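The values are calculated or read from the model by the stated rules, or taken from the named source; none is laboratory data. Owing to the predicted nature of the structure, the values given are computational and were not obtained by experimental measurement. Using ideal geometry, Cβ is built from the backbone for each residue, glycine included, and neighbour counts are taken over all protein chains shown. Just so you know, the surface numbers come from the protein's heavy atoms only, side chains and all, with ligands and any DNA or RNA stripped out. Shrake-Rupley method; radii C 1.70, N 1.55, O 1.52, S 1.80 Å.
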Amino acid sequence: MHSEWSWDARAGAMESTCARAVELGLPAIAFTEHLDHTVWIPEAIDDGFPVSLLAPDGSLTPPRFDAVGYLEAIERCRHLFPDLRILSGLEVGEPHRHADALAAVLAVGDFDRVLGSLHCLPVGDVYFEPPGLLRRMTAGDMVRRYLAEVARAVSGSHPFAVLAHVDYPFRYWTGPVDITPFEEEFRHALRATADSGRVLEVNSCLPSLQPTILRWWREEGGTAITIGSDAHEPDELARNFREVAATAEAHGFRPGQKLYEPWTHTG
Ligand SMILES: [Zn+2]
């Protein structure tokens, strides 16, 4: 979940999200806020885009993450919602490229759940998100380069425990999505993630992809998952969770004793 502490979550609201979690009967919630350092060129600017962050040359430098303020807000919500287990956390963009900046933030306090993710890929020495990438390569090439970069990101000892949204490029796919042409590239990325001892996030944005990804994850040695909605506003909390939880169970994953811990495979 993201809240107002994530630079791109303009409708984010930590306190309302906690209230919503209680209303839904969720036992726990993790606020994994964006920690981004990659300077990139946004080319497709939609209604909610924070245009004030754009430099004259069209690049965007993510604003500094206020770790102290964020951790104080977490503590405040823990007092307001004593029956809800509230995990602190981060979603670190391109974690393998910003090790020092990540270490500096982790030193500020306790972050219970640290995700690593990729949003941007370089073309030459300029970084783009999928809309910009799609102007420079085919959709298939974008997916292949993305998954190759995932394998690089998880191969180091960078301090993130969970790989988030391995299917991110498919959010920008037009037409019916079929991931099977990328099986080999997916398996390579998933094997590298499993070999690194990391947990795979089952991202509920694209629930129909998860059965195939979970099957490949198991076959490549993956043993643990988390379930994440990647929601940026309270109303999106736990979207599609019933569906992806059923998928995870069908693939042999079960919740642990503590419901905020990763689900593991029992077989
Ligand atoms: Zn993300």
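The set of residues from the stretch 29-40 being under 19 Å from Arg113 (Cβ atoms) and touching a helix residue (DSSP H, G or I) at 6+ places or on another chain (Cβ under 8 Å) comprises Ile29, Phe31, Glu33, Leu35. The sole residue among Gly48, Gly25 that is of a type in the set (Gly, Ala, Ser), out of contact with any Phe, Trp or Tyr (no Cβ under 7 Å at 6 or more places or on another chain) and closer than 21 Å to Tyr172 by Cα is Gly48.
Yes/no matrix, rows are residues, columns are (1) out of contact with any His (no Cβ under 6 Å at 6 or more places or on another chain); (2) farther than 30 Å from Val154 by Cβ; (3) modelled with pLDDT of 95 or more:
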{"site": "Ser16", "(1), (2), (3)": "yes, yes, yes"}
{"site": "Ile41", "(1), (2), (3)": "yes, no, no"}
{"site": "Ala44", "(1), (2), (3)": "yes, no, no"}
{"site": "Ser52", "(1), (2), (3)": "yes, yes, no"}
{"site": "His79", "(1), (2), (3)": "yes, yes, yes"}
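Scanning the stretch 102-123 for residues that are among the hydrophobic types (A, V, I, L, M, F, W, C) and either buried (at least 16 other Cβ atoms within 10 Å of the Cβ) or not in a helix (DSSP H, G or I) (or both) yields Leu102, Val105, Leu106, Ala107, Val108, Phe111, Val114, Leu115, Leu118, Cys120, Leu121, Val123.
If only residues of the stretch 60-78 that are without any contact (Cβ under 8 Å) to a residue 24 or more places away in the chain and touching a strand residue (DSSP E or B) at 6+ places or on another chain (Cβ under 7 Å) are counted, the one that is nearest to the ligand (Cβ to nearest atom) is Leu60.
Checking each residue in the stretch 38-97 for being open to solvent by 60 Å² or more (accessible area, probe 1.4 Å) and part of a helix (DSSP H, G or I) picks out Val51, Ser52, Val68, Glu72, Glu75, Arg76, Arg78, His79, Leu80, Arg97.
In summary, Phe81 fulfils each of the numbered conditions (1) aromatic (Phe, Trp, Tyr); (2) in contact (Cβ under 8 Å) with a residue 12 or more places away in the chain; (3) within 16 Å of the ligand (Cβ to nearest atom) with the single exception of condition (3).
Need pairs with beta-carbon distance below 6 Å; first residue within 16 Å of the ligand (Cβ to nearest atom) and within the stretch 112-127, second of a type in the set (Lys, Arg); sequence gap 6+ or separate chains. That search, which allows pairs on different chains as well, returns Leu121/Arg145.
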